[in-house]
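Input: a single structure, listed below in structure tokens.
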Amino acid sequence: MWGQHRQSRKAVWADRRTCGVRDRDAQAGMSTAEYAVGTIAAAGFAAVLYKIVTSGPVSTAMRQLIERALDAGF
């Protein structure tokens with residue numbers, strides 16, 4: 001029932017509880033290189049988003065939206 005190496009039930013359940021813990025911990029988090037790539041990607045995305053939001057048509061549309069929201073009657 002328990003295989004050739006007969007272990008106590010307590011030992012078997014302890015092994016089952018910790019079976020995947022070491023594997024998950026080995027890949028948990030990001031390394032320094034991954035942080036660097038993620039930071040550069042985030043900065044690039046922020047720069048593109050800033051350019052889009054500050055462009056003429058988007059700026060005008062946002063201003064009109066805010067004005068309509070502030071002028072809404074309750």
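The values are calculated or read from the model by the stated rules, or taken from the named source; none is laboratory data. Note that the structure is predicted; figures quoted are calculated from it, not measured. No Cβ is skipped: glycine too gets one built from the backbone with ideal geometry, and neighbour counts run over all protein chains shown. Note: accessible area is taken over every heavy atom of the protein model, side chains too, but ligands, DNA and RNA are not part of it. Shrake-Rupley method; radii C 1.70, N 1.55, O 1.52, S 1.80 Å.
Please work out the average accessible area per residue across region 33-74, using the 1.4 Å probe convention, and give it in Å².
88
So for the pair residue 64, residue 37, with labels modelled 7 Å out along Cα→Cβ, what separation do we get in nm?
The answer from the label model is 4.2 nm.
Any idea of residue 40's accessible area? Nearest 10 Å², probe 1.4 Å.
130
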